[in-house]
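Here the structure is laid out as structure tokens; the discussion comes afterwards.
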Amino acid sequence: MATWHKAVLAATLGLAMMSVGGLAFAQSADDHIKARKDGFQVFRVSAGAIKKVVDDNSAPSGAVAAAEAIAQQAARQLQHFPPGSDKGNTKAKPEIWANWAQFEAGMKDLEGKATAVAAAGKAGDAAALKAAFGAMGGACGTCHKAFRAD
Ligand code: HEC
């Protein structure tokens, strides 16, 4: 690639990144609250789909897509908890920001446990799937107990 071409490319990329950053910055706390609730609904619907596979004792591979959806959403969820977004139409407790490392660890834990559910599904191991699903549900409950208002 010609040098000038590289420079143009770098400048374009830089601009694109700036505008993405600008947009994220312009998002209000209300937008973040809405976005994270949408993300938690992905958790809820996907967990329901996995539960159905476990309860019906159907092919474990049927749980893989939903488990991967949870893991992927968990990796994106924290960006929607900017400081100050404990105000408004939300059940997020202020403890989240006072104990950020613990909250972050809770979301990482869920990501790992959802990945384990996907692995059990891929392995076609129904007993492992059931155990991994139970452990994943524990990650949801632990965080809600500490950080979500009733
Ligand atoms: C690391 C913490 C954490 C983990 C892990 C977590 N949640 Fe939550 N969840 C929250 C918080 C905080 C809220 C409140 C969000 C708000 O009201 O702004 C919430 C809200 C919800 C809601 C309500 C969303 C709405 O529309 O108001 C559902 C449903 C939900 N979670 C399901 C789950 C499920 C299912 C899992 C596990 C697969 C899970 N959550 C894992 C912290 C967590």
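Out of the residues in the stretch 84-101 that are outside any helix (DSSP H, G or I) and over 13 Å from ASP31 (Cα atoms), state the one that is most open to solvent (accessible area, probe 1.4 Å). Restricting to residues being outside any helix (DSSP H, G or I) and over 13 Å from ASP31 (Cα atoms), the top hit is LYS91. Taking the criterion of being modelled with pLDDT of 95 or more and among the aliphatic types (A, V, I, L, M), the residues of the stretch 18-56 that qualify are ILE33, ALA35, VAL42, VAL45, ALA47, ALA49, ILE50, VAL53, VAL54. A Cβ distance below 8 Å, combined with a sequence gap of six or more or placement on separate chains, defines the contacts here; from the stretch 70-90, residues that are at positive phi reach residues that are in a helix (DSSP H, G or I) and of a type in the set (Gly, Ala, Ser) in the pairs GLY84/ALA29; GLY88/ALA29.
Residue pairs whose Cβ atoms lie under 7 Å apart, separated by 6 or more positions or on different chains, with the first residue in the stretch 15-42 and among the aromatic types (Phe, Trp, Tyr) and near the ligand (Cβ under 10 Å from one of its atoms) and the second at pLDDT below 95 and not in a helix (DSSP H, G or I), do not occur. When ARG76 is tested against (1) within 12 Å of the ligand (Cβ to nearest atom); (2) over 16 Å from GLY141 (Cα atoms); (3) within 14 Å of the chain's Cα centre (by Cα); (4) surrounded by fewer than 18 Cβ atoms within 10 Å (Cβ to Cβ), exactly one condition is not met: (1).
Within the stretch 141-150, the set of residues being open to solvent by 60 Å² or more (accessible area, probe 1.4 Å) and either within 9 Å of the ligand (Cβ to nearest atom) or not in a helix (DSSP H, G or I) (or both) comprises THR142, HIS144, ARG148, ASP150.
Provide a single number: the residues in the stretch 86-118 that are acidic (Asp, Glu) and closer than 20 Å to MET136 by Cα. So that I can check it myself, show each step before the final result.
Our first condition is that a residue be acidic (Asp, Glu); within the stretch 86-118, this holds for 86, 95, 104, 109, 111.
Narrowing the set further to residues that are closer than 20 Å to MET136 by Cα leaves 104, 109, 111.
The number of residues fulfilling the criteria is 3.
Among residues of the stretch 93-115 that are modelled with pLDDT of 95 or more, those with a Cβ under 8 angstrom from a residue that is within 8 Å of the ligand (Cβ to nearest atom) and of a type in the set (Ser, Thr, Tyr), sequence gap 6+ or separate chain, pair up as GLY106/THR142; ASP109/THR142.
When ALA65 is tested against (1) within 10 Å of the ligand (Cβ to nearest atom); (2) open to solvent by 30 Å² or more (accessible area, probe 1.4 Å), only condition (1) is not met.
Considering (1) closer than 22 Å to ALA35 by Cβ; (2) small (Gly, Ala, Ser); (3) touching a Pro at 6+ places or on another chain (Cβ under 6 Å), the lone condition that GLY121 does not fulfil carries the number (1). Taking the conditions (1) within 8 Å of the ligand (Cβ to nearest atom); (2) in a helix (DSSP H, G or I) in turn, GLU111 satisfies each one other than (1). For the stretch 119-140, filtering for residues that are part of a helix (DSSP H, G or I) and more than 13 Å from the ligand (Cβ to nearest atom) leaves 11.
The values are calculated or read from the model by the stated rules, or taken from the named source; none is laboratory data. None of these values were measured; they are calculated from a predicted model. Methodologically, a virtual Cβ is constructed for each residue, glycine included, from the backbone with ideal geometry; neighbour enumeration extends over all protein chains shown. The protein model used for the area step is the full one, side chains on, heavy atoms only, and it has no ligands, DNA or RNA in it. Shrake-Rupley method; radii C 1.70, N 1.55, O 1.52, S 1.80 Å.
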